[in-house]
1. So is Glu48 closer than 27 Å to Ser124 by Cα, acidic (Asp, Glu) and open to solvent by 60 Å² or more (accessible area, probe 1.4 Å) or not?
2. Which condition from (1) over 24 Å from Val21 (Cα atoms); (2) open to solvent by 20 Å² or more (accessible area, probe 1.4 Å); (3) modelled with pLDDT under 95 is the one that His106 breaks?
3. Do you know which of the residues in region 1-53 that are of a type in the set (A, V, I, L, M, F, W, C) and in a loop (DSSP other than H, G, I, E, B) is modelled with the highest pLDDT?
4. Between a first residue in region 1-25 that is open to solvent by 100 Å² or more (accessible area, probe 1.4 Å) and a second residue that is at pLDDT 75 or above and assigned to a loop (DSSP other than H, G, I, E, B), which pairs have beta carbons less than 6 Å apart while being 6 or more apart in sequence or on different chains?
5. Select, from Ser93, Ser112, Ser126, the only residue that is closer than 14 Å to Val76 by Cα and not aromatic (Phe, Trp, Tyr).
6. Go through region 46-75 and give me each residue that's farther than 16 Å from Leu117 by Cβ and either in contact with a Cys (Cβ under 7 Å, 6 or more places away or on another chain) or not β-branched (Val, Ile, Thr) (or both).
7. For region 55-103, which positions are open to solvent by 60 Å² or more (accessible area, probe 1.4 Å) and at positive phi?
Amino acid sequence: MPLEQKEFSLPPPHPPPGTPVDPDAVRPWHSIGPGIWELLLNGSRDSEEKSVLQWYEPNAVSVTDGAITHPYVEEVCLLQGGLEDLTLRQAWSTGAYAYRYPGMEHGPYKASPTGCLMFVKLLSASRPVDLST
């Protein structure tokens, strides 16, 4: 599904910590791992082109034990809380931004004791990127 033009809107609140995962439940947020939730803002859930909010519950850890890589471009902005890269042993907090090329190794991650809310944008690697501006 192509990305759609939308006006501003407020997202529904993220699930409270400890919300049980129920794959049959119809909710705007869906679980992508224990204590990690995603809200689709634009695109489709399994697409390499989408915009989402991700919510890591307090102290939630990525589902992978090793570094993460993917075949698409990823942009991330931390909106609330913090996130630590367990490989780099470096933590970021509200306002931090990342731009990752396809194949770049990053993570795994652990959320801060207050959790972490992020805006994440995925772009297909086949989409032309103009870096001249």
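The values are calculated or read from the model by the stated rules, or taken from the named source; none is laboratory data. As the structure is a prediction and not an experimental result, all values here were calculated from the model. Quick reminder, even Gly has a Cβ in these numbers, built from the backbone with ideal geometry, and neighbours come from all protein chains shown. In case anyone asks, the SASA skips ligands and DNA or RNA and just uses the protein heavy atoms, side chains included. Shrake-Rupley method; radii C 1.70, N 1.55, O 1.52, S 1.80 Å.
1. yes
2. Unmet for His106, out of (1) over 24 Å from Val21 (Cα atoms); (2) open to solvent by 20 Å² or more (accessible area, probe 1.4 Å); (3) modelled with pLDDT under 95: (2).
3. Kept after step one, since they are of a type in the set (A, V, I, L, M, F, W, C), are these residues of region 1-53: 1, 3, 8, 10, 21, 25-26, 29, 32, 36-37, 39-41, 52-53.
Adding the requirement that they be in a loop (DSSP other than H, G, I, E, B) leaves 1, 3, 8, 10, 21, 25-26.
Numbers: Met1: 58, Leu3: 73, Phe8: 74, Leu10: 80, Val21: 83, Ala25: 71, Val26: 63.
Looking at the filtered set, the residue picked out is Val21.
4. Taking only residues 6 or more apart or on different chains, the pairs are Met1/Ser44.
5. Details: Ser112 fails: closer than 14 Å to Val76 by Cα; Ser126 fails: closer than 14 Å to Val76 by Cα.
On inspection, the qualifying residue turns out to be Ser93.
6. Of the residues in region 46-75, the ones farther than 16 Å from Leu117 by Cβ are 46-50, 61, 63-74.
Matches in region 46-75: Asp46, Ser47, Glu48, Glu49, Lys50, Asp65, Gly66, Ala67, His70, Pro71, Tyr72, Glu74.
7. At the first step, the residues of region 55-103 found to be open to solvent by 60 Å² or more (accessible area, probe 1.4 Å) are 59, 61, 63, 65, 69, 71, 79-80, 84, 86-94, 97, 99, 101.
Passing the criteria: Asn59, Arg89.
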